[in-house]
Amino acid sequence: MKDSIPYTPPKVWTWQAENGGEFAKINRPVAGATHDKTLSVGQHPIQLYSLATPNGVKVTVMLEELLARGITGAEYDAWLIRINEGDQFGSGFVEVNPNSKIPAMVDHSTTPPTRVFESGSILLYLAEKFGAFVPTDPAARTECLSWLFWQMGSAPYLGGGFGHFYSYAPTKIEYCIDRFTMEVKRQLDVLDRHLADKDFIAGDEYSIADMAIWAWYGQLVLGRLYGAAEFLDVASYTHVVRWAQAIDARPAVQRGRMVNRAFGDLETQLHERHDASDFDTKTQDKVATEI
């Protein structure tokens, strides 16, 4: 490894607001709202406030999969939260998620309405509410939840670790990239070995574990995250690629990936979703260009 400029941490760290990086302007060391803004509420009981990052995609895929099963109670309004503009620090959003991260959801079918934040918690809440996509057998359920929590604990190394230093950091730091590349490849190997004799993460049944892991690692091996597919040699993880392609082919997954997407090709974007008809091309183009 090349020599780098040594850094001695100060006795007491102080915040340097202009610390560089693509998301520097929205990062800060304190919580709470920065401005007053009431969240919009649509016609459906389930109100989602999100952006189509991997964590947001988990939930919109789940909702579209529930609707594909004919579970009409899962109809929802999805409102766009532009995290690069600080929408997550509005007072209304902070009331739903004091951690100011997407996605956040409010279920208005309960009295009082139930707020749910953290993507894994939202997936589990919806699975239990509608009795779908989580096994009922105790052993299978435990396996499913173990992998769900594996994703929640592992993905920060992929996103905030590898993704940040490889794609977003203002300076390429060899030690950081090497450290997190090693961990991401180890995680991919964990998945590849596990999926060698399985169709889905928890066994024979498609579940919230697949949705959660696909949003991150599936999209990674499909070449959609950080422009790093070749760098990570994702094609060598053949079982993960096979699994990712199978999930990607599901119509509900394709719809879920579009919702609250405000980047990429126009045909992949649906900024807000309030009805199934919003996926029609004319409606999609209207929403994408007006917001």
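Hand me the list of helices (runs of 4 or more DSSP H) wholly inside region 209-270 holding 2 or more residues that are buried (at least 16 other Cβ atoms within 10 Å of the Cβ).
238-248, 251-258
Is it the case that some residue within region 115-130 is within 22 Å of TRP214 (Cβ to Cβ), among the charged types (D, E, K, R) and in contact with a helix residue (DSSP H, G or I) (Cβ under 9 Å, 6 or more places away or on another chain)?
Initially, region 115-130 is screened for residues within 22 Å of TRP214 (Cβ to Cβ), giving 116-130.
Filter again for among the charged types (D, E, K, R), leaving 118, 128-129.
Now drop any that are not in contact with a helix residue (DSSP H, G or I) (Cβ under 9 Å, 6 or more places away or on another chain), which leaves 118, 129.
Yes; the residues of region 115-130 include at least one that is within 22 Å of TRP214 (Cβ to Cβ), among the charged types (D, E, K, R) and in contact with a helix residue (DSSP H, G or I) (Cβ under 9 Å, 6 or more places away or on another chain).
Could you pull out the residue among LEU48, LEU63 that is outside any helix (DSSP H, G or I), touching a strand residue (DSSP E or B) at 6+ places or on another chain (Cβ under 6 Å) and at pLDDT 95 or above?
Working: LEU63 fails: outside any helix (DSSP H, G or I).
Within the list LEU48, LEU63, the selection yields LEU48.
Give the number of residues within region 123-150 that are part of a loop (DSSP other than H, G, I, E, B) and either aromatic (Phe, Trp, Tyr) or under 17 Å from the mean Cα position of the chain (by Cα) (or both). Steps first, answer last, please.
Residues of region 123-150 part of a loop (DSSP other than H, G, I, E, B): 131-137.
So of that shortlist, the ones also either aromatic (Phe, Trp, Tyr) or under 17 Å from the mean Cα position of the chain (by Cα) (or both) come out as 133.
Within region 123-150, residues that are part of a loop (DSSP other than H, G, I, E, B) and either aromatic (Phe, Trp, Tyr) or under 17 Å from the mean Cα position of the chain (by Cα) (or both) number 1.
Here's a check for you: in region 157-192, which residue that is aliphatic (A, V, I, L, M) and outside any helix (DSSP H, G or I) is surrounded by the most Cβ atoms within 10 Å (Cβ to Cβ)? Steps first, please.
Residues of region 157-192 that are aliphatic (A, V, I, L, M), as a first pass: 158, 169, 173, 177, 182, 184, 188, 190-191.
Of the ones still in play, those that are also outside any helix (DSSP H, G or I) are 169, 173.
Working: ALA169: 15, ILE173: 12.
The extreme case among them is ALA169.
Starting from region 248-273, keep only residues that are under 16 Å from SER50 (Cβ atoms) and in contact (Cβ under 8 Å) with a residue 12 or more places away in the chain, then list their pairs with residues that are surrounded by fewer than 12 Cβ atoms within 10 Å (Cβ to Cβ) and of a type in the set (Phe, Trp, Tyr) whose Cβ atoms are within a distance under 6 Å, requiring at least 6 positions of separation or different chains.
Close Cβ pairs satisfying both conditions: none exist.
Can you go through ALA52, ALA74 and tell me which one is without any contact (Cβ under 8 Å) to a residue 60 or more places away in the chain and of a type in the set (A, V, I, L, M, F, W, C)? Break it down into steps so the answer makes sense when it comes.
Values: ALA52 fails: without any contact (Cβ under 8 Å) to a residue 60 or more places away in the chain.
That would be ALA74, the only listed residue that is without any contact (Cβ under 8 Å) to a residue 60 or more places away in the chain and of a type in the set (A, V, I, L, M, F, W, C).
The values are calculated or read from the model by the stated rules, or taken from the named source; none is laboratory data. Remember, it's a predicted structure, so these values are computed and weren't measured experimentally. Cβ atoms come from the backbone with ideal geometry, glycine included; neighbour counts cover every protein chain shown.
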